[in-house]
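One structure below.
The values are calculated or read from the model by the stated rules, or taken from the named source; none is laboratory data. None of these values were measured; they are calculated from a predicted model. Note that each Cβ is placed from the backbone with ideal geometry, even for glycine, and that neighbours are counted across all protein chains shown.
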Amino acid sequence: MIRILDIHIDYEQLSAGFGAQNSHEIVHALKGVTLDINTNDYVAIIGPSGSGKSTLITAVAGLIGVVKGDVFIDKYKITRARRGRQAKIRGKYFGIIFQFSEMLSRFTVEENLRFAYVAAHGKIDDHYQERLKYLAEKLDMFQLLASYPTKLSGGQLQKTAIARALIKDSAYILADEPSGDLDPESVARVKKLLREEHDRGKGILLVTHDHKLASDAKSVFEMRDGQISSLIK
């Protein structure tokens, strides 16, 4: 289970003032978010840009510090763990689809997928080959596996980022605007893939502005101004 308890996150924003003077403004990115995501839950959070959706994903993954509150992953309190411990928890429990691709440019797409799998499982095995074939088929990306990230379009990079997150076959999927750079056909493929991964027993936390993409979720919440404002579904 993922348990998010009263999470508050602030950050300092520099604003240009008159002359040589600049002002520092405290932005309250998350304001007391509480949410439980059980194993095999499919939870979507929708809302406009700047509402705090992506910040919530990074907090759950232990990639950003919190001012107040905690995130538990099963028995582990990821928000209070040391960085090395956070990385191990992340690697064990999460496949994270980031809004922007973080592929290693010096290596092919398939090599990037290999690195992600080995980081989670320690070695390449038959399950890797099964997952690679499955994801390449579902995302229509066999032709991309031998390519380098610098040669790919935004939509192609997004596909590879999704594959890298899911290749590990982790218990939970954290998806931050996974359809952002995709054409309608590819969005439909991602929607179907997430549904199938959920049917296989995965827990999913999806944040998106796309109501259609979120429609397969069991629960859909709206986020505004750093808070979960309403339950839509």
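Give Val33, Val71, Val60, Val66 a once-over and let me know the one that is more than 26 Å from Arg164 (Cα to Cα), modelled with pLDDT of 95 or more and either among the hydrophobic types (A, V, I, L, M, F, W, C) or surrounded by 17 or more Cβ atoms within 10 Å (Cβ to Cβ) (or both). Explain how you work it out, then say what you get.
On the way: Val71 fails: more than 26 Å from Arg164 (Cα to Cα); Val60 fails: more than 26 Å from Arg164 (Cα to Cα); Val66 fails: modelled with pLDDT of 95 or more.
Exactly one residue qualifies, and that residue is Val33.
Would you mind finding the one in Glu197, Glu111 that is touching a residue at least 24 places away in the same chain (Cβ under 8 Å) and in a helix (DSSP H, G or I)?
Values: Glu111 fails: touching a residue at least 24 places away in the same chain (Cβ under 8 Å).
None of the other options fit; the residue is Glu197.
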Open item on the list: Would you confirm, using the coordinates I've provided, whether Ala165 is at pLDDT 95 or above, among the small types (Gly, Ala, Ser) and under 23 Å from Asp126 (Cβ atoms)?
Closed with: yes
TODO: Mind listing just one residue for me: the one in the stretch 47-89 that is outside any loop (DSSP other than H, G, I, E, B) and touching a Gly at 6+ places or on another chain (Cβ under 6 Å) and, of those, nearest to Ile4 (Cα to Cα)?
DONE: Ile78
Open item on the list: What's the total number of residues in the stretch 172-202 that are under 23 Å from Lys123 (Cα atoms), over 13 Å from the mean Cα position of the chain (by Cα) and not basic (Lys, Arg)?
Closed with: 1
- [ ] Name, by its number, the condition in (1) of a type in the set (Ser, Thr, Tyr); (2) within 19 Å of Lys202 (Cα to Cα); (3) modelled with pLDDT under 95 that does not hold for Tyr134.
- [x] (3)
TODO: Kindly provide the set of residues from the stretch 217-233 that are surrounded by 17 or more Cβ atoms within 10 Å (Cβ to Cβ) and over 14 Å from Gly47 (Cα atoms), ordered by number.
DONE: Ala217
